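So the structure is just underneath, and the comments pick up after that.
Throughout, read-outs are computed from the coordinates displayed, never taken from laboratory work. These figures come from a predicted structure and were not determined experimentally. Backbone-built Cβ (ideal geometry, glycine too); neighbour counts: all protein chains shown.
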Amino acid sequence: MKNFIVLLTDFNNDFYIGQMKGVIKNINPDAEIIDLCHNITPQNVLQTSVILAKSYKYFPKKSIFVCIVDPTVGSDREILLVKTSCYIFLVPNNGLITEVINKEKKYFVYKVTNTKFFLPKVSNTFHGRDIFSPVSAYLSKGVSINKICEKFEKTKIVRLHSINTEVKKVGDKKVVVGKYLFSDSFGNIVTSLPEEMLNKDDIDKYRVTVCYRNKPMFVIKLKKCYTDVGKSKLVAYINSFGYIEIAINKGNADKFLSNKINLLTTEFLLWYE
Amino acid sequence: MKNFIVLLTDFNNDFYIGQMKGVIKNINPDAEIIDLCHNITPQNVLQTSVILAKSYKYFPKKSIFVCIVDPTVGSDREILLVKTSCYIFLVPNNGLITEVINKEKKYFVYKVTNTKFFLPKVSNTFHGRDIFSPVSAYLSKGVSINKICEKFEKTKIVRLHSINTEVKKVGDKKVVVGKYLFSDSFGNIVTSLPEEMLNKDDIDKYRVTVCYRNKPMFVIKLKKCYTDVGKSKLVAYINSFGYIEIAINKGNADKFLSNKINLLTTEFLLWYE
Amino acid sequence: MKNFIVLLTDFNNDFYIGQMKGVIKNINPDAEIIDLCHNITPQNVLQTSVILAKSYKYFPKKSIFVCIVDPTVGSDREILLVKTSCYIFLVPNNGLITEVINKEKKYFVYKVTNTKFFLPKVSNTFHGRDIFSPVSAYLSKGVSINKICEKFEKTKIVRLHSINTEVKKVGDKKVVVGKYLFSDSFGNIVTSLPEEMLNKDDIDKYRVTVCYRNKPMFVIKLKKCYTDVGKSKLVAYINSFGYIEIAINKGNADKFLSNKINLLTTEFLLWYE
């Protein structure tokens, strides 16, 4: 049985990632490391939580996820180990695990405490290298959770506010109001509108209104894929991880819209014609 | 015998790459994944085709190349499997394979069709994860092409227009006219002028004229390497994959020239003094 | 015993890295490649030297470091192999190895010369692929250094000027003057002020003055971590690799300061209150 350690950080391309890999391989040369991604917007715990929750099921069972988006490193925030039926997650107790435990019925939570499994010298600003990495490596070698951790009360887990979608009545129409979650490197805009909000047999009847300062700016038809609209046209669709996303066919929707509005305070209204 | 799966995408650093790796490892934990690169300019099929054709020969025989630059994902474009004597390529039928099959005399083409080897749920916008990745993983486990694919007519392969270099007479001089292909992360500018156009024993006699709106903007001497010119000077040379490239010694030629001209409509004239 | 090859380049996300990996795996499919990092500022040999020296000890013994920040590639600069008690380093002779050999008492230096272990065709601008990669792969397969290299005189190693910190008297205060080294992807600013300059039991008494054109611009208190100051406040601290670093809590110090001053000519004054 192979042991996979999956890394998810906001370190972008910095050498911090390489140092973590060095630490892991030094302890367990047979651990196999997979990068989930490292281009989280700096300190964006919500984005990390969503990406983690939408990705972990694709990985081999028993994978250990090492998640370092950790703006409060060095403070008294705990380092948690969350064990679900198939996976282990190492996370700072800052809300990052929220979307995972919203999906998992049964899970166990521990606090990482045994300094014997840390690097000998622990820095104040890089627990990813000094604590998370060695702990993940020892876990991948078969050291039991109980040797490394103590029990932790679930009520003490920091949780993010649930991703808000609000249902409103506008005239006689039911409207679901979503927010901006993040953009990917194509400039595709992920909204918080989940696919569960719509009837998939009837996709062509849905519209997304991009609303800024209570003014409707764009009304976009829901389609199946980019090429269902002409080049350089705005298009909305259910993305590959279950949210409604806005793109420009062969263009960059984030750049286009960010020139006109502040995405962080924009509302995305989903409605049925 | 190890099985290598080589990834080439325009996903930059997005988590889409990590999800693909998860899918592959979940099906074949022993597959070894190598990133060729992921920083293709979004949707630039020509750039991808060139980089693939100039890179695949460096990889171990039997490597499976998974190439996802796929702006028409979700439309009726086919997914092709192209088998050469040494390699397998999985590509959308959008021209990406052009430069490879221009080099290979003998190859076989199939269409990927057997949904049994796809993920159970296939999204409209991410076949890289839902089709290409599982198919590559099953291939790497030894599933035969015939179980996954159907034959596909070579005449139906979408091909890019061949990379144009035109030979003109200017006065009594023979001039080869090339175009802009792409820039690398140093800002070095790859032109479509191939090394075959010049006599390598006589490199010092060649010049490249950068021509914009029919006006010659810069005349650059062909040299062997960056340091053959002074710091911050423009230099042309045969690059590491056989094209004439323009750089600034310890500088960024793309930034410098893009401030003055539109590289996409610039002509690069190669001539012999 | 596994053989690790660690890559450190300024290739960012370019396909050059993928080609190097292909070459290595083609020669030694069992070599395991780890990316230390590839986002060195183009041609910044000093930054590379610091990152290498602060990172190599985290990697498994016997790791082979392949370091390609090589602006003088194609000139007559040598390619060196430096062997310490635990590691092998392949570097261009351009100063990159300086910070490593400043730390290592005992080491051996060779010049890579045997073209039998290069790719058959060596380009003028990409020795990383054509020389460094195959040589590292053969070394990882157990080919002895003597077969690939010749002895090289230590006095001929190009060395960077030592990273300057100067101690001055300002009034009756002892002040240590540091320079800008580089910024990470968070915009945290690494200064050349080493932690050895201060008494760690008394951290709260230290200040860093950011001084531009001899004018003090900001006075920043030394703290333990980011959250020791309010959101959007400047903070100084000992970073994870032993230098004093300047950040903005949940912000980007590099962007903030670069709008006001030129970091390359800024001085960072460390003093005790």
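Out of all DSSP beta bridges with both ends in the stretch B:1-149, state the antiparallel percent to the nearest 5.
Working: 10 of 23 bridges.
DSSP beta bridges in the stretch B:1-149 are roughly 45 percent antiparallel.
Rounded to whole Å, give me the distance from the Cα center of the stretch B:50-68 to that of the stretch C:82-109.
Going from one Cα centre to the other spans 34 Å.
By how many degrees, between 0 and 90 and to the nearest 10, does the Cα long axis of helix C:15-27 differ from the longest principal axis of chain C?
Rounded to the nearest ten degrees, it is 40.
Quote the relative contact order of chain C in percent (integer), defining contacts as alpha-carbon pairs under 8 Å separated by 6+ residues. Before the final figure, lay out each step's value.
Values: 536 pairs, mean separation 40.8, N = 273.
It comes to 15 percent, rounded to a whole number.
If each label sits 7 angstrom from Cα along the C-beta direction, how far apart, in nm, is residue C:172 from its counterparts in the other copies?
The projected label point of residue C:172 is separated from its counterparts by 8.6, 8.6 nm.
Apply the Karplus curve 6.51 cos²θ - 1.76 cosθ + 1.60, θ = phi - 60°, to the phi angles in the stretch C:110-124 and return the couplings in whole Hz, x for Gly and Pro.
With coefficients 6.51, -1.76 and 1.60, one gets 10, 10, 7, 9, 7, 5, 4, 9, 9, 5, x, 10, 9, 6, 7 Hz.
Between residue C:200 and residue A:156, how many nm apart are label points set 7 Å from Cα along the C-beta direction?
2.7 nm
Under the √(5λ) rule applied to the eigenvalues of the Cα gyration tensor, what semi-axes describe the equivalent ellipsoid of the stretch B:170-210? Give them in Å, descending.
On the way: eigenvalues 92, 36, 17 Å².
Over the Cα atoms of the stretch B:170-210, the semi-axes work out to 21, 13, 9 Å.
For the stretch B:72-120, what does the alpha-carbon gyration tensor say about shape, rounded, prolate or oblate, given a ≥ b ≥ c as the root eigenvalues, a/c under 1.5 as rounded, and a/b over b/c as prolate?
On the way: a/c = 3.01, a/b = 1.56, b/c = 1.93.
Because a/c hits 1.5 or more and a/b fails to exceed b/c, the stretch B:72-120 counts as oblate.
Tell me the relative contact order for the stretch A:115-273 as a rounded percent, counting alpha carbon contacts under 8 Å between residues six or more apart. Show your work: numbers first, answer last.
Working: 259 pairs, mean separation 35.6, N = 159.
Contact order relative to length: 22 percent.
Treating only the Cα positions of the stretch C:4-156 as identical point scatterers, give the base-10 log of I(q)/I(0) from the Debye formula at each q in 0.10, 0.13, 0.14 Å⁻¹.
Evaluating at q = 0.10, 0.13, 0.14 Å⁻¹ gives log10 I(q)/I(0) of -0.29, -0.50, -0.59.
What FRET efficiency, computed as 1/(1 + (r/R0)^6) with R0 = 35 Å and r the Cβ-Cβ distance, is obtained for residue C:145 and residue B:273, rounded to the nearest 0.05? Display every interim value, and only then the final one.
Numbers: r = 46 Å, r/R0 = 1.30.
The value I calculate is 0.15.
Measuring from a point 7 Å out along Cα→Cβ, what nm distances, shortest first, does residue A:199 have to its partners in the other copies?
Distances to the matching label points in the other copies: 7.6, 7.7 nm.
On a 0 to 90 degree scale, rounded to 10, what angle separates helix A:45-55 from the longest Cα axis of chain A?
Roughly 90 degrees, rounded to the nearest 10.
Quick one: P(r) of chain C from all Cα-Cα pairs, 5 Å bins, percents rounded to integers, in order of increasing distance.
Reading upward from the zero bin: 1, 6, 12, 15, 16, 13, 10, 9, 8, 6, 3, 1, 0.
At most 16 other Cβ atoms within 10 Å and a DSSP loop assignment: could you name the trypsin sites (Lys or Arg not before Pro) in the stretch B:164-221 that fit? Intermediate results must be reported in sequence, preceding the final value.
Values: sites: B:168, B:169, B:173, B:174, B:179, B:200, B:205, B:207, B:213, B:221; in loops: B:179, B:213.
Here the sparse-neighbourhood loop sites are B:213.
Could you work out the mean projected area of the convex hull around the alpha carbons of the stretch A:1-66, in square nanometres to one decimal?
Details: hull surface 17.8 nm².
Computing the convex hull of the Cα atoms and averaging its projections yields 4.5 nm².
Point me to the residue of chain C whose C-beta lies closest to the C-onto-B rotation axis, rounding the distance to whole angstrom.
Nearest to the symmetry axis by Cβ: C:13, 4.
Provide the FRET efficiency to the nearest 0.05 for the residue A:102-residue C:260 pair, computing r from the beta carbons and using R0 = 35 Å.
Values: r = 43 Å, r/R0 = 1.24.
For R0 = 35 Å, the calculated efficiency reads 0.20.
Defining the label point at 7 Å along Cα→Cβ, can you sort the distances from residue A:233 to the same site in each other copy, shortest first, in nm?
Going from nearest to farthest copy, the values are 5.3, 5.3 nm.
Principal axes first, then extents: for the Cα atoms of the stretch B:140-224, list largest minus smallest coordinate on each axis, whole Å, largest first.
Ordered largest first, the stretch B:140-224 gives principal extents of 58, 29, 29 Å.
For the stretch A:1-57, run through the trypsin sites (Lys or Arg not before Pro) and keep only the ones in DSSP coil with at most 14 other Cβ atoms within 10 Å of their Cβ.
On the way: sites: A:2, A:21, A:25, A:54, A:57; in loops: A:2.
Answer in residue order: A:2.
Filter the GluC sites (Glu not before Pro) in the stretch A:137-183 to those in DSSP coil with at most 12 other Cβ atoms within 10 Å of their Cβ, and list the result. List each step's numbers first, then the result.
On the way: sites: A:150, A:153, A:166; in loops: A:153.
Passing sites in the stretch A:137-183 are A:153.
If you build a Gaussian network model of chain B, linking Cα atoms that sit under 10 Å apart, which residue out of B:262, B:12, B:252 swings the most?
For chain B, modelled as a Gaussian network with Cα springs under 10 Å, the answer is B:262.
Applying the Karplus parametrisation 6.51 cos²θ - 1.76 cosθ + 1.60 with θ = phi - 60° to the phi angles of the stretch B:219-225, what ³J(HN,Hα) value in whole Hz is obtained for each residue in order, glycine and proline being reported as x?
Those phi angles translate into 10, 10, 7, 7, 10, 8, 7 Hz.
Give the Debye-formula value of log10 I(q)/I(0) at each listed q (0.10 Å⁻¹), with one equal scatterer per alpha carbon of the stretch C:166-272, two decimals each.
One equal scatterer on each Cα of the stretch C:166-272 leads to -0.24.
Read phi for every residue in the stretch A:169-176 and hand back ³J(HN,Hα) as whole Hz from Karplus 6.51 cos²θ - 1.76 cosθ + 1.60, θ = phi - 60°, with x for Gly and Pro.
9, 10, x, 9, 9, 7, 10, 9
At 25 °C and 0.890 mPa s, grab the translational diffusion coefficient of the stretch C:204-265 from Stokes-Einstein with a Kirkwood Rh over Cα pairs, rounded to a whole number in µm² per second. Could the numbers behind the result be given before it?
Details: Rh = 12.1 Å.
Answer from the Stokes-Einstein relation: 204 µm²/s.
Tell me, what are the semi-axes, in whole angstrom and largest first, of the equivalent ellipsoid of the protein assembly as shown as set by the roots of 5 times the Cα gyration tensor eigenvalues? Walk me through the numbers on the way to the answer.
Details: eigenvalues 292, 291, 167 Å².
Taking √(5λ) for each eigenvalue gives 38, 38, 29 Å, largest first.
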